[in-house]
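The values are calculated or read from the model by the stated rules, or taken from the named source; none is laboratory data. This one's a predicted model, so the numbers in the text were calculated from it and none came from an experiment. When we count neighbours, we look across all protein chains shown, and the Cβ atoms used for this are built from the backbone with ideal geometry, even at glycine. Protein only, heavy atoms only, side chains kept; ligands, DNA and RNA dropped before computing areas. Shrake-Rupley method; radii C 1.70, N 1.55, O 1.52, S 1.80 Å.
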Amino acid sequence: MAEKVEIRALNDGDPETISAAFKGIGAGKPVAQYRRYLADQMAGTRTCLVATLDGQFAGYVTVNWRPTYCWFVQEQIPEIQDLNVLPGFRRMGLATRLLDRAEEEISRHSSVAGIGVGLHPGYNQAQKLYATRGYIPDGRGVTYHDHYVEEGASVVLDDDLVLHLTKRLTATSCFVDRSPQ
Ligand SMILES: CC(C)(COP(=O)(O)OP(=O)(O)OC[C@H]1O[C@@H](n2cnc3c(N)ncnc32)[C@H](O)[C@@H]1OP(=O)(O)O)[C@@H](O)C(=O)NCCC(=O)NCCS
């Protein structure tokens, strides 16, 4: 029987489930993080999408409508953040489905989607995925702790060393700005 993928909004029952699922693979993702996402979603500042396979939690992504990266703030570019698919569900097209939905949501409010990707090996797959989907560097350089890194500077290759990418979206509807206030 074919497996059924569902992409839906984060709900009240998800924070414990998601945190436990990542704990199960040795990743410390606290329940509080997903409760905060729920609160952000209620406030209209973030959209959180969850992927399930036959009803089982498999991954998620969020769209931050109020990003803090300076170029995205200046250009009013919504930022796709915190894309994660559990290892047991990878290479099944779930990140692709999550990003399809995230971009669809963004295209209702903005003609450009943004994303920040880490540069260390943990992000190798994500870098390839975003390039395949048409994301290109924003041309501003690499940031470390939200500051642009100068040529010749020494930085640690950790989660805070980030390259920001953007993608021009094709309209799925008219670009009337109805982004959450
Ligand atoms: C990156 C990640 C979200 C991809 O999830 P996924 O559901 O496996 O991705 P998909 O199945 O939709 O893959 C889509 C494409 O991405 C690329 N890709 C994904 N995983 C890959 C891998 N292990 N090796 C090479 N390419 C890969 C391929 O181009 C793939 O297309 P293909 O399967 O037709 O070759 C997942 O590996 C993950 O959660 N990684 C850790 C967290 C992370 O890096 N998040 C991104 C934060 S910016």
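With both labels modelled 7 Å from their Cα along Cα-to-Cβ, the Val155 to Lys128 distance reads 2.4 nm. Stokes-Einstein, applied to the Kirkwood radius of the chain over Cα pairs at a viscosity of 1.002 mPa s and 20 °C, places its translational diffusion at 125 µm² s⁻¹. Simple rule: put +1 on each Lys or Arg Cβ and -1 on each Asp or Glu Cβ in the chain, find the dipole, and look at Tyr34, Val85, Gly139; the Cα lying farthest toward the positive end is Val85. For Arg97, the solvent-accessible surface with a 1.4 Å probe is about 100 Å², rounded to the nearest 10. Distance from the alpha carbon centroid of region 106-130 to that of region 21-74 works out to 15 angstrom. For the set Met92, Met42, the ranking by accessible area, highest first and with no ligand, DNA or RNA atoms included, is Met42, Met92 under a 1.4 Å probe. Compared with the alpha-carbon gap, the fully stretched path from Asp146 to Lys4 is longer by 47.2 nm at 0.36 nm per residue.
Across the protein chains, with a 1.4 Å probe defining accessible surface, the residues Ser110, Ser154 rank Ser154, Ser110 from largest area downward.
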